[in-house]
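See below for the structure under consideration.
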Amino acid sequence: MSDEAFIELDGVEKVFDVRKKTGFLKRERRQVRAVDSISFTVPRGEMVGYIGPNGAGKSTTIKMLTGILTPSGGRLRVAGIDPSRERTRLAHRIGVVFGQRTTLWWDLPLIDSYKLMHRMYRIPDARYRENLDRLVELLDLGALLDVPVRQLSLGQRMRGDIAAALLHDPEVLYLDEPTIGLDVISKSRVREFLRELNAERGTTVLLTTHDLQDIEQLCSRVMVIDHGRMMYDGPLAGLHEVGESERTLVVDLERELPPIEVPPARVVKVEGPRQWLAFPAAESAAVLVARVAAEYPLVDLSVREPDIETVIAKMYAEQAEQAEKAGSAGNAGKAIS
Amino acid sequence: MGETSASGTAETFGGSRAGEALRAYRLIAGMWIRSSMTYRTSFVVTVLGNLLVTGLDFVAILLMFSQVDSLGGWSLPEIAFLYGLSATAFGLADLTFGSMDVLGGRMRDGSFDILLVRPVPVLAQVAADHFALRRLGRITQAVLVLGWGLLAVDVDWTAAKVLLVPMMLVSGGVIFCALFVAGAAFQFLAQDAAEVQNAFTYGGTTLLQYPPTVFGKDFVRGVTFLLPLAFVNWVPAAYVLERPYPLGLPQWAAFASPLVAAVCCALAGLAWRAGLRSYRSTGS
């Protein structure tokens, strides 16, 4: 197996039959394409962000990659294995963390769940102890091992779940929304750990998230999916370019003033002494803030990052625009895929 | 602890698939037992409660016999024999496979997916899910009634008759297990159908506690040929008690229970596989 394509998807589709009640016994059948002909490869050791709005097909893709769901079409391989055909064999080589569900035993001390993994995955004793020690240290779980899982905070539980997914030395780790609901400190702790894991062990990581910061701090590559289709696959910087995304600077001034002028930022909203300024994501916020502070009576400020929905909405708008241009220029009226 | 931990992460298919399933079952059941022990008082109370409730079940029959001398032509010891056989067989199945009705809930809240990414058979994990030792309460009561029934019935024990008793318990248990698995498989289609399953399993054991003679012929026919509960105790017990067979079945039918149980298992296994396949192609 070549390292070039550790995870390999070629035209993978997933079509769900959705039955809707339309009457007492009548049902309407409708087909929903959750994943529509997606192709990509991930080489060993890469860390990839897989993002998109709710219902875009992210989780469906992860479920196909882990063998939980069988694709309706296309070819899919992980470590040379067809996940849906050899689910249990693949399970030894992958680790999965679902952000909103836990594999840990609710009423038992955390360590008991790890002991179960030890035996269920048949991890050799020495390897188990070594991995456990390392994970406990890196994820700071020492004080938690004897605490029943139900008493852990969300952030502690997430760290516990990540350790559980890594005890058997998986070659690839899938994380489905690993930072959802976590506070800032827990988030940065999880991110730091994932960076180290990837750097030291060369574990391939594929993570889905809503949080662009996860991607910014972890992934050299990002894939955007919407309506089951791949919208973008490349570096994060490129995504901002494609999406022409803007950040927002919210300033509170001492008093009500007419819209302030600090190009290239433009005021998009004024509400009493508070003003909203949009500026290109690539511009430095620091320079802008310094200028506002120098020229205007500034009381407080905050910077808002563009969220993924906005970026994708922009990508859509842009594609539609291009399609229109192409259509009117070549008179070909072709629909964009 | 004598686990084979020779090969590490990949390709560990030591032992047969059944052995693998049994091992996974043991591991997970052990976790549930430990979980229930964290609430020790609650555990003790539920075991006692279970014993009491199931005990009252037979008291109802005793009360009935304070008014009548026989039920459908069967005496109290004979009814106790029937009751004990059915309840013990069901109790064994209930202990080992009785929590499969939580499957629907697991599919709804998504935690079923977690079972699917583990390297052990899913059926074993689902069967061991919420394993509860408190169910021993039911078995204890059933064994007591069976013991009394065995002592009190008026039977000339032959080798064949003696052999039939453990055969009934094992085959009956397996038939009920198959019912639990088939019910779980049905939950893949209708995730809130756990009650339908309970109607067949709990309902089944309740009706087997009464002699076939109190039921209508068409009903007995259904319970013999469609849902072969009659082979749990009615047919073999008729041989032991030297009573006429329900539906005039041939003599050898009394010994057919293991065969019936095997067929039930095969069908339940197929249903399970079909259910799991449909889940994996449609998701939830």
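Number of residues in segment B:166-204 that are more than 9 Å from the chain's Cα centre (by Cα) and over 21 Å from residue B:57 (Cβ atoms): the value is 19.
Candidates B:259, B:241, B:208, B:229: the one that is surrounded by fewer than 15 Cβ atoms within 10 Å (Cβ to Cβ) and either under 25 Å from residue B:94 (Cβ atoms) or touching a residue at least 40 places away in the same chain (Cβ under 8 Å) (or both) is B:259. Can you find a residue in segment A:35-45 that is within 13 Å of another protein chain (Cβ to nearest Cβ) and either buried (at least 17 other Cβ atoms within 10 Å of the Cβ) or of a type outside the set (Gly, Ala, Ser) (or both)? Within segment A:35-45 (the criterion being within 13 Å of another protein chain (Cβ to nearest Cβ) and either buried (at least 17 other Cβ atoms within 10 Å of the Cβ) or of a type outside the set (Gly, Ala, Ser) (or both)), the answer is yes, since at least one residue qualifies. Mind listing whichever residues of segment B:180-206 are at pLDDT 90 or above and aliphatic (A, V, I, L, M)? Answer for segment B:180-206, where residues must be at pLDDT 90 or above and aliphatic (A, V, I, L, M): B:181, B:182, B:184, B:185. For segment B:154-179, the tally of residues that are in contact with an Asp or Glu (Cβ under 8 Å, 6 or more places away or on another chain) and at pLDDT 95 or above stands at 1. Just a yes or no: is a residue in segment A:184-199 at pLDDT below 90 and in contact with a helix residue (DSSP H, G or I) (Cβ under 6 Å, 6 or more places away or on another chain)? The answer is yes; a qualifying residue exists. Looking only at segment A:82-100, count how many residues are more than 9 Å from chain B (Cβ to nearest Cβ) and surrounded by fewer than 19 Cβ atoms within 10 Å (Cβ to Cβ). So the count comes out to 3. For the structure I just gave you, tell me whether residue B:278 is within 14 Å of chain A (Cβ to nearest Cβ) and among the small types (Gly, Ala, Ser). So residue B:278 passes the test. Considering A:146, A:169, A:140, the condition of being surrounded by fewer than 16 Cβ atoms within 10 Å (Cβ to Cβ), assigned to a loop (DSSP other than H, G, I, E, B) and within 14 Å of chain B (Cβ to nearest Cβ) is satisfied by A:146 alone.
Conditions (1) surrounded by 24 or more Cβ atoms within 10 Å (Cβ to Cβ); (2) of a type in the set (A, V, I, L, M); (3) within 14 Å of chain A (Cβ to nearest Cβ), marked per residue:
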| residue | (1), (2), (3) |
| --- | --- |
| B:90 | yes, no, no |
| B:102 | no, yes, yes |
| B:114 | no, yes, yes |
| B:138 | yes, no, no |
| B:149 | no, no, no |
| B:154 | no, no, no |
| B:166 | no, no, no |
| B:175 | yes, yes, no |
| B:193 | no, yes, no |
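Looking only at residues of segment A:192-220 that are surrounded by fewer than 19 Cβ atoms within 10 Å (Cβ to Cβ) and of a type in the set (D, E, K, R), we find that the one that is nearest to residue A:43 (Cα to Cα) is A:201.
Any idea which of A:103, A:70 is in contact with a helix residue (DSSP H, G or I) (Cβ under 6 Å, 6 or more places away or on another chain), facing chain B (nearest Cβ under 7 Å) and farther than 21 Å from residue B:282 by Cβ? Break it down into steps so the answer makes sense when it comes.
On the way: A:70 fails: farther than 21 Å from residue B:282 by Cβ.
Unique residue meeting the criteria: A:103.
Among the residues of segment A:106-127, those that are facing another protein chain (nearest Cβ under 7 Å), part of a helix (DSSP H, G or I) and among the basic types (Lys, Arg) comprise A:119, A:127.
The values are calculated or read from the model by the stated rules, or taken from the named source; none is laboratory data. Here the structure is a predicted model, which is why all the values come from computation and not from measurement. Glycine also receives a Cβ, built like all others from the backbone with ideal geometry; neighbour counts cover every protein chain displayed.
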